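Structure record follows, encoded as structure tokens.
The values are calculated or read from the model by the stated rules, or taken from the named source; none is laboratory data. Not measured: the values here are computed from a predicted model.
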Amino acid sequence: MTDATLLNLYDPALMSEMSNYSDLHYTQTDLSLGGTYSFTPALYTTAQVAWQKLEDKDPYVYGDLDGTAWRGSVGLGYKF
């Protein structure tokens, strides 16, 4: 392939339809709650829970991407 052929294949003017597929429109809601409890000055525990909701306002290409997710973590720590 010559350089002229490559320029014709990747001409930005030929990509005018690309904006139709990059116009994302969604809502994301995140909530989290966590805390730490100390048993002693050195020994502690921690916990956290998080919730996330995604609402796809204009489903296309990959289909409807609505959904929710829950995440949680617990930990035990010791300060030296």
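Filtering segment 42-78 to residues that are outside any strand (DSSP E or B) and at pLDDT 95 or above leaves only A42.
Looking across segment 16-41 at every residue that is aromatic (F, W, Y) and modelled with pLDDT of 90 or more, the one that is farthest from R71 (Cα to Cα) is identified as F39.
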